[in-house]
Amino acid sequence: MTETQSLSQWERVGGAPAVKAVLDRFYEGVLGEPQLVGFFENVEVDNLKPHLAEVLKVVLGGPGAPTDIDLAAYLTGAHAGLGVSESDYMLTGKVLLDTLAEFDVPDDIVETISGALVTVQPFVVAA
Ligand code: HEM
């Protein structure tokens, strides 16, 4: 097996510094959407980024990613009471996928993230 084949998607995307750059751009995009900006009015988004990076590390199989994290409980708790609608969620997902395209993230990694977006939607969107 070559070194390339053994790298996780997290490492192939460029690891923590690359993920940080993507998340910086992603939040710029989110805060630029009139439909979404209100959710973050009283939130310091710089404090959210490390949490999101940790979730992405789990999703992309980064080294040292927590294996015992209960994403369902964590994300449900983090978004309880925010009232995120399906439309808000779709728009946020679009901003994320546009950001991944801007960074030329490889297709297989985009597919992993798209799949995760489908999986976690019920934990984020208000019932
Ligand atoms: C892809 C789906 C999403 C994931 C993986 C995600 C992940 C997270 C994480 C990890 C946190 C931090 C929790 C903590 O403090 O430990 C968080 C907080 C937050 N998220 Fe999300 N999120 C998603 C979608 C959304 C959407 C669609 C919105 C609204 C449009 C949203 C709004 C917020 C807000 C406002 C907070 C801060 C809550 C607070 O501190 O009171 N999230 N999210």
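FYI, it's all coordinate maths here, none of it is from the lab. Quick caveat, the model's predicted, so the values are computed rather than measured. Positions of Cβ are backbone-derived with ideal geometry, glycine not excepted, and every protein chain shown enters the neighbour counts.
Observations on the structure shown:
- Taking chymotrypsin sites (Phe, Trp or Tyr not before Pro) across region 1-71, none is in a DSSP loop with at most 11 further Cβ atoms lying within 10 angstrom of its Cβ.
- Shape class of the chain from the Cα gyration tensor (axes a ≥ b ≥ c, square roots of the eigenvalues): prolate, since a/c reaches 1.5 or more and a/b is larger than b/c.
- If the segment from Arg12 to Ala116 were pulled out straight at 0.36 nm per residue, it would be longer than the present Cα-Cα gap by 35.7 nm.
- Charge tally for Ala78 (other residues, Cβ to Cβ under 15 Å; Lys, Arg +1; Asp, Glu -1): -3.
- When shorter helices are ignored and each DSSP H run of at least 4 residues is given -39500 (n - 2.57), the per-residue value for the chain at 222 nm works out to -21000 deg cm²/dmol.
- Cross-link reach list, lysines versus Lys20, counting only Cα pairs under 16 Å and skipping chain neighbours closer than eight places: Lys49, Lys57
- Seen against the Cα atoms of the chain and their longest principal axis, helix 15-31 is set at about 20 degrees.
- Modelled FRET efficiency - R0 22 Å, Asn42 with Phe123, Cβ distances, 0.05 increments: 0.55
- Of the GluC sites (Glu not before Pro) found in region 42-127, those that fall in a DSSP loop while having at most 11 other beta-carbon atoms within 10 Å are Glu44.
- Its relative contact order, with pairs defined as Cα atoms under 8 Å and 6+ residues apart, puts the chain at 35 percent.
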